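Visitor: Right, I'll just put the structure down here and ask away after.
Coordinate-derived values only; no laboratory data. Please read all numbers here as calculations on a predicted model, not as lab measurements. Here Cβ is always computed from backbone atoms with ideal geometry, including for glycine, and neighbour counts include all displayed protein chains.
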Amino acid sequence: MGNELCVASPSLALIKYWGKKKTIANLPATSSLAVTLGGLETETQVRLGPKDFVLLDGRVQDPERFRPFFDHLRRRLKTDQHFQVRTWNNFPSAAGLASSSSGFAALTCAAVRATSRTLSPEALSELARFGSASASRAVFGGFVLLPAGARRAQALLPAEHWPELRILVAVVSENAKSVSSRTAMALSRENSPYYPAWIRSSRKLVPEAVSALKRRDIEALGKMVRLSYSRMHAVMLASDPPLTYWISGTLAVLQACERLRKQGTGVWETMDAGPQVKILCLDADVPQIKRVLSEQNEGLRIIEAYPGSAPRFVSRKRNEMLYA
Ligand code: PMV
């Protein structure tokens, strides 16, 4: 168990969860449909010790962010042990690339394993939700559903359902975001006049998106994906103070997507609580899309992801200093 690491991939919402029914328990106010992003990985090692701590990419994390999660874990596992966590991302952290989803999914699986317990994926999903709601989806691979108000996510379709699907992540900024999704969601619920309309209008998106996903119809799915993130950002822009995650690089990528779409290429973008743009497309179109994006945005980093698998354990030695 000494060099054992849990490897988990982030959960990218195609149809977004935004807003909580219950803040402490992270019960989502809207249903979400997500794909687990193979190619992006969080690796986490947990050892039991006298005190909780979390090191992310060699940096000490604010214990307050993790305390409710660890306390809940101890209650649920009926243990008084503490967790010493070392975790690394192979992609920018806290920059709107869903690192909290893979982070808490890997942490949940590794912490449970460190206490020598075995839990079902459903029970792990319920525990991970206390870290962040999107993490409850990241304990599954492939395509995953988290219904509004649900305590746990559900595996909908395996990654093999659509092996040609690609998600290109255009990293327009490597900086950590200034407002966390947790704070931004609370603000949206408290004072965006569009929040009730967002909740109402989201209800229709998931059933239509699921049906398009089952048929592997990228255009029908893409239209729902675009509506979902656009409406989510409209809610934020209408908050007081307004929340704007978009930067000039974001708009440049969105415009390039629009141009490609007009030329008949199937590119469907989405965004989360950060400036990055994630583009849904098919593998055959990837070279053309990358070329156009790079021509128009010099130096743009593009990460290619695909429907990925559920968290797994590997045995590997990591040198903390390399990542500090
Ligand atoms: O679960 P959190 O706190 O990481 O929030 C996720 C929010 C979005 O990424 C914007 C949407 C989603 O469903 O993942």
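Visitor: Give the residue from Gln81, Ser93, Phe66 lying farthest towards the positive end of the charge dipole for region 40-99; charges sit on Cβ (+1 for Lys and Arg, -1 for Asp and Glu) and the dipole is referred to the Cα centre.
Guide: Of Gln81, Ser93, Phe66, it is Gln81.
Visitor: Sum up the charges of everything whose Cβ sits under 12 Å from the Cβ of His233, counting Lys and Arg as +1 and Asp and Glu as -1, but leave His233 out.
Guide: +1
Visitor: Using the Cβ atoms and a cut-off under 15 Å, what net charge is assigned to the surroundings of Cys109, where Lys and Arg are +1 and Asp and Glu are -1?
Guide: +4
Visitor: Moving to a separate point now. Please report how far the C-alpha centroid of region 12-35 lies from that of region 285-318, rounded to the nearest whole angstrom.
Guide: 25
Visitor: Please turn the phi angles of region 59-74 into ³J(HN,Hα) values with the Karplus equation 6.51 cos²θ - 1.76 cosθ + 1.60 (θ = phi - 60°), one per residue in order, whole Hz, x for glycine and proline.
Guide: Once θ is set to phi - 60°, the couplings for region 59-74 become 10, 5, 9, 4, x, 5, 5, 9, 4, x, 5, 5, 4, 5, 4, 5 Hz.
Visitor: How are the C-alpha pair distances of the chain spread across 10 Å bins, as whole percents from the shortest bin up?
Guide: Pair shares across the bins are 6, 28, 36, 23, 7, 1.
Visitor: Next question, about the same structure. If the only charges are +1 at each Lys and Arg Cβ and -1 at each Asp and Glu Cβ, what is the size of the charge dipole of region 39-122 around the Cα centre, to the nearest 20 debye?
Guide: 340
Visitor: Any idea what angle helix 218-237 forms with the longest principal axis of the chain, computed on alpha-carbon atoms, 0 to 90 degrees, nearest 10?
Guide: Helix 218-237 sits at roughly 70 degrees to that axis.
Visitor: Considering lysine pairs in the chain that are 8 or more places apart or on different chains, how many have Cα atoms under 19 Å apart?
Guide: 17
Visitor: May I pose another question? I need the P(r) histogram for region 61-189: all alpha carbon pairs, bin width 5 Å from 0 out to the longest distance, whole percents.
Guide: 2, 9, 17, 21, 20, 16, 9, 4, 1, 0
Visitor: Subtracting the Cα-Cα distance from 0.36 nm times the residue separation, let me have the gained length for Ile24 to Glu4 in nm, one decimal.
Guide: Extra length available between Ile24 and Glu4 comes to 4.1 nm.
Visitor: What number does region 263-317 give for Rg over Rh if you use C-alpha atoms and the Kirkwood radius?
Guide: Over the Cα atoms of region 263-317, Rg/Rh equals 1.07.
Visitor: Give the whole-number value, in cubic angstrom per residue, of the convex hull volume spanned by the C-alpha atoms of region 2-131.
Guide: Cα convex hull per residue, to the nearest whole number: 114 Å³.
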